[in-house]
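Bear in mind that the values in this text are calculations on the coordinates, not laboratory data. Since the model is a prediction, treat every value here as computed from it, not as a measurement. Glycine gets a Cβ as well: all are built from the backbone with ideal geometry, and neighbour counts include every protein chain shown.
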Amino acid sequence: MDRDRRPSATSNVSLEQRAWNIRRKALLMAEVQGQGYIGQALGVADVLAASYFHALNYRPHDPEWEGRDRFLLSIGHYAIALYAVLMEAGILPEEELETYGMDDSRMPMSGMASYTPGMEITGGSLGQGLGIAVGMALGLKRKRSPAFVYNLMSDGELGEGSTWEAAMSAAHHRLDNLICLVDFNNQQADGRSTEMLCSEPLEAKWEAFGWHCQRVDGNDLDAVVGAFDAARALAEARPRVIIFDTRMCKGVPFLETREITHFVRVEPDEWSKALAVLDEGRPQ
Ligand SMILES: Cc1ncc(C[n+]2csc(CCOP(=O)(O)OP(=O)(O)O)c2C)c(N)n1
Ligand SMILES: [Mg+2]
């Protein structure tokens, strides 16, 4: 397939600007509801910008195009982050931003495939996404499709047995069209991932399961893009995983330092302050 037909090939908007736009949209949506998984959205914005504006092949006006790369959101609670990038990519109309989380909205607080264009699966029951991605990647290979399957999962999902069953299966089937993206923010509902159920040494584990593994700073766009390029170009018949070390609430320093950030509490008067702080860091 001609990879230069990716939407990013014709865009002159920088990835830094895309990531900033994603953060801003997520903050605006959360402000509408007065809540939302904003820490995750701010943390993973750089990975999403590189996914949709560098790596993925898709048609914004035809989200079900058969030749598209699939992007699976295993972590349904991160839906606000995906809505932000789907709007930025032109798959969801920006006018719907203010409906986030409301009755009859196409953007419910947890991601649901049947509601939202561009939402490939109904995630949220943690540990399921990678297994679904394995099935999709196997099916696409059998159809001789050149499309990739990307599965975005969390560090909390590394504690689910189903993740490792799927990992073993992907290597067994030599799924070189599968790229797993792990958002390692070292946070779960009850505290730090490394203290809840430590998954280290993580790179060695994935390699032992037969995967090509990279680990980079997920808030360093050059490093993120480099990892995507290496994963896509790898000439080895095995699945690929990229572990992104990210910082919760990245871009809004007064939230970055809050103690419990899985469901970060933002007081009503702080939403506008958060937006103002983000605006100060707008890329030139
Ligand atoms: C199978 C399953 N168990 C428990 C939950 C409840 N739950 C929702 S989010 C979450 C935290 C999981 O860790 P992670 O995704 O890393 O959290 P975050 O980084 O967003 O804080 C939990 C336990 C769930 N959704 N699914
Ligand atoms: Mg986490």
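Couple of notes before you dig in:
- Cleavage-rule hits (chymotrypsin sites (Phe, Trp or Tyr not before Pro)) in the range 103-176: DSSP loop, at most 16 neighbouring Cβ within 10 angstrom: Tyr115
- Neighbour-count order for Glu96, Glu66, fewest beta carbons within 10 angstrom listed first: Glu66, Glu96
- Computed across the range 159-284, the Kirkwood hydrodynamic radius from all distinct Cα-Cα pairs reaches 16.6 Å.
- Inter-site label distance for Glu200 and Ser272 at 7 Å from Cα along Cβ, in nm: 4.3 nm
- Residue order, fewest to most beta carbons within 10 Å, for Met29, Met248: Met248, Met29
- Cα gyration tensor shape of the range 53-181, rounded if a/c is under 1.5, else prolate or oblate by comparing a/b with b/c: oblate
- Per residue, the convex hull volume that the Cα atoms of the range 1-114 enclose (Å³): 98 Å³
- Candidate lysines - alpha carbon under 29 Å from Lys250, same-chain residues fewer than 8 apart omitted: Lys25, Lys205, Lys273
- Globularity index of the chain is 0.94 (Cα radius of gyration / 2.2 N^0.38 Å, N = number of residues).
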